[in-house]
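Enquirer: Provided herewith is a single structure, encoded as structure tokens, for subsequent inquiry.
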Amino acid sequence: GAGKTTIARHLSQRHGAIYVEGRQSWAKSYKAFCLDVAKAAGKALSGRIDERQAEDAVIDSLGSRFGTLVIDEANTQCGAVANAIKLIINRTNHAVVIFAVPEHWDAYAAANTSEVKQVINRCQAVLRFAHIPDRDVDPFLAPGFSGDRKAACRQIAAAGNSFGAYKTVKRVA
């Protein structure tokens, strides 16, 4: 409800980012991650493919052009996927944007400390959703809203922070 998928899709639709959604298979398979990213980047492979071919497909599909790879729902993945992300950052001209539920990411990072540290070392920023500030609610209210905007923003932000985040803000507004 914090808007991860909305932002990820916005980056894809409005800015041409390559969008891939995390899958349960990534929890145990480096190859599954590589094949999904290659497919999202336009290089779908079929038949018997080994891990090395899948890895090469990711690098080939992203190529040397500059771009952005958006990984949404990166909540379930194995430690090797962090190595794949590191490889993408090292070998391509793509920035990688990762969206994950913070608690799940923290558990993943704790279980894969050295791999995740290598990814974090290549990060520009780690942004965490802490709460909805009152000012973020105002754009959701109709321009003709006739009540006390400040009080409404404060109450709606409090409701969103209690449950549902920005989904609640949108529904209330």
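The values are calculated or read from the model by the stated rules, or taken from the named source; none is laboratory data. This structure is a prediction, so every number in the text was calculated from the model and none was measured. Because the Cβ atoms are built from the backbone with ideal geometry, glycine has one as well, and the counts that use them run over all protein chains shown. Ligands, DNA and RNA are stripped out before the accessible areas are found, and what is left, the full protein with its side chains, is counted by its heavy atoms. Shrake-Rupley method; radii C 1.70, N 1.55, O 1.52, S 1.80 Å.
Enquirer: Would you please give the residues with an amide H less than 5 Å from that of Gly67, counting only those at least 5 places away or on a separate chain, with H modeled from the backbone geometry?
Expert: Amide H neighbours of Gly67: His94, Ala95.
Enquirer: Which sequence of Tyr19, Tyr108 reflects their accessible areas, 1.4 Å probe, from the largest down?
Expert: Reading off the accessible areas and sorting them downward yields Tyr19, Tyr108.
Enquirer: Let me ask something else about it. With a cut-off of 8 Å between alpha carbons and a minimum separation of six or more residues, what is the relative contact order of the chain in percent?
Expert: Computed value for the chain: 23 percent relative contact order.
Enquirer: Probe radius 1.4 Å, ligands and nucleic acids ignored: give me the carbon and sulfur share of the accessible area of the chain as a rounded percent.
Expert: 50 percent
Enquirer: So for the range 115-173, considering every pair of alpha-carbon atoms, how many percent are separated by more than 19 Å?
Expert: More than 19 Å apart: 41 percent of the Cα pairs in the range 115-173.
Enquirer: Sticking with this structure for a sec: Using only the alpha carbon atoms of the range 30-93, find the Kirkwood hydrodynamic radius as the inverse mean reciprocal pair distance, in angstroms to one decimal.
Expert: Computed over the range 30-93, the radius equals 11.8 Å.
Enquirer: In whole Å, what are the Cα extents of the chain along the three principal axes, biggest one first?
Expert: Dimensions of the chain along the principal axes of its Cα atoms: 62, 33, 28 Å.
Enquirer: Another question, then. When you count, for each residue, the other Cβ atoms within 10 Å and take the mean per peptide, how do 117-127, 27-37, 54-64 rank with the highest first?
Expert: 27-37, 54-64, 117-127
Enquirer: At 1.4 Å probe size, with no ligands or nucleic acids counted, give the accessible surface of Thr68 in Å², nearest ten.
Expert: Probe radius 1.4 Å; accessible area of Thr68 about 50 Å².
Enquirer: Counting only heavy atoms of the protein chains, get the accessible area per residue of the chain (1.4 Å probe) and round it to a whole Å² value.
Expert: Heavy-atom accessible area per residue stands at 60 Å².
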